[in-house]
Amino acid sequence: MRRAAVLGVLTMGLSACTAEVPTEGLPQGLTVLEAEVGTLSLAYRAADVVIYMQARRGHETPEPYRLAEDMPDFEVDTMFTDEAGHVFYTRRGGDGWVEPSWNQRLDPQNESLPNVDDNAVLYRLAGEAAAVMQQEIERQVGRELAGQLGPELDALLEFASHAPQLYADELQVLNERRANDGRPTLQTPEVLTTGDVAYGTPGACGSCGGTDYEAGYRYLRLGTAGLWYSGNLGEHSATTVYRWSNNAWLRVHDNTNHGSAGSTMSQKCTQDYRDNPTVSGGWYLSQLHLGYCSGEYKWDSDGGSGGHNCHDDSRIQMNNEWYGNSVGLYGTRVRWCDGGDRDHDISVNVLFVELDQNGSPNCDGSANRGYYTPL
């Protein structure tokens, strides 16, 4: 009965940012809420603040990634939320969510945002959860099942293990931008590293205010990594979007584009940290469905039904971050995701058989290697 009650708390907590959810049913520390091959749901409680962590396994990654030791074998989605359902980190493993209902679950995020202290403690708790995650999962579900949950656990740890440092790093980047604009900088919230975590009613999103459509800061980071099987002639690319709203750290979204997540790879370039335009540009959780090709994965971006590779996905994501949904749905999918042998494809040259460009995209508005697409 207690397990059912805890799962009920999880369902309520992920439904909307304004729901009041009691924490009495959860013990301090990490609790495994659901564990089976392909699905892992956890809660972590410190004092009166709770975060929820979910991972859902999708398809196997394409063979070039499975052959690489530093790339994942499965496309895994993850979502980190606070007690009231506010999302502060998402990761998408492939073309669309493993559970399509995640799109609907993200819609309420456009209606309520946290304050800076409210949000900072969530990243701290994610780091605390990472320190005990593997040990507690083994203790609560047994070593055999824990071993079968490796892809889900790895995906959760990739974010959680560096969440506090990520918050601190992004605050520094934001302050550099604010200083250049002549605006006052923000202090690192004490709750990111120490101090009382029992605040807010109910919990971490108790003083939410504003909307996701308000002007704020955000930027896109393009991460790349070489693929050893091609002698590093080929690269993998994926993007990460970082979003602030006024003085509040809001969220991170990682794309993996069938391989490693953008934030886990070396930075190639960024699209400028800038104010969210109020009309055409911008990035919102409700627009994530625009950020990928809808077709088969093809390493050379040619053939198949809508054949595309990771770079096609990256360019769509850069296009949508820069322009919003103004051309993303129609223009970029026609140009980059049609499976044709195009001069602007970015793929591997193997013994000079594939004559398209190699490497990875650029963070610029060029039509050949960047994110611009003529309609």
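Of the residues making up segment 165-195, those that are of a type in the set (V, I, T) and assigned to a helix (DSSP H, G or I) are V173, V191.
Within segment 155-168, the set of residues being under 29 Å from R57 (Cα atoms) and either in contact with a helix residue (DSSP H, G or I) (Cβ under 9 Å, 6 or more places away or on another chain) or not small (G, A, S) (or both) comprises L156, L157, E158, F159, A160, S161, H162, A163, P164, Q165, L166, Y167.
Go through segment 1-118 and tell me which strands (runs of 3 or more DSSP E), entirely inside it, have 3 or more residues that are farther than 22 Å from L192 by Cα and at pLDDT 80 or above. Give the steps one after another, and end with the answer.
Details: elements: 29-36, 39-46, 49-60, 74-82, 87-92.
Here the list reads 29-36, 39-46, 49-60, 74-82.
The set of residues from segment 138-164 being farther than 19 Å from F74 by Cβ, free of Cβ contacts under 8 Å to residues at least 24 places away in the same chain and assigned to a helix (DSSP H, G or I) comprises E138, R139, R143. Filter segment 327-346 down to the residues that are small (G, A, S) and either surrounded by fewer than 17 Cβ atoms within 10 Å (Cβ to Cβ) or at pLDDT 85 or above (or both) and list them by number. G339, G340, listed by residue number. Restricting attention to segment 218-239, the residues that are surrounded by fewer than 24 Cβ atoms within 10 Å (Cβ to Cβ) and either at pLDDT 80 or above or among the aliphatic types (A, V, I, L, M) (or both) total 8.
Just to verify a result, which residue in segment 266-290, among those that are modelled with pLDDT of 85 or more and out of contact with any Phe, Trp or Tyr (no Cβ under 7 Å at 6 or more places or on another chain), is surrounded by the most Cβ atoms within 10 Å (Cβ to Cβ)?
The selected residue is K268.
Taken over segment 137-160, the criterion of being of a type outside the set (A, V, I, L, M) and within 16 Å of H253 (Cα to Cα) is satisfied by E158, F159.
Residues in segment 165-175 that are surrounded by fewer than 18 Cβ atoms within 10 Å (Cβ to Cβ) and in contact (Cβ under 8 Å) with a residue 40 or more places away in the chain: 1 in all.
Number of residues in segment 161-213 that are at pLDDT 80 or above and outside the structural domain of T78 (by TED's automatic domain parsing) equals 0.
Okay, residues lined up against (1) small (G, A, S); (2) at positive phi; (3) modelled with pLDDT of 85 or more; (4) out of contact with any helix residue (DSSP H, G or I) (no Cβ under 9 Å at 6 or more places or on another chain):
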{"position": "Y292", "(1), (2), (3), (4)": "no, no, no, no"}
{"position": "D302", "(1), (2), (3), (4)": "no, no, yes, yes"}
{"position": "H308", "(1), (2), (3), (4)": "no, no, yes, no"}
{"position": "R315", "(1), (2), (3), (4)": "no, no, yes, no"}
{"position": "N325", "(1), (2), (3), (4)": "no, no, no, no"}
{"position": "L351", "(1), (2), (3), (4)": "no, yes, no, yes"}
{"position": "T373", "(1), (2), (3), (4)": "no, no, no, no"}
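The values are calculated or read from the model by the stated rules, or taken from the named source; none is laboratory data. All of these numbers come straight from a predicted model, not from anything done at the bench. Positions of Cβ are backbone-derived with ideal geometry, glycine not excepted, and every protein chain shown enters the neighbour counts.
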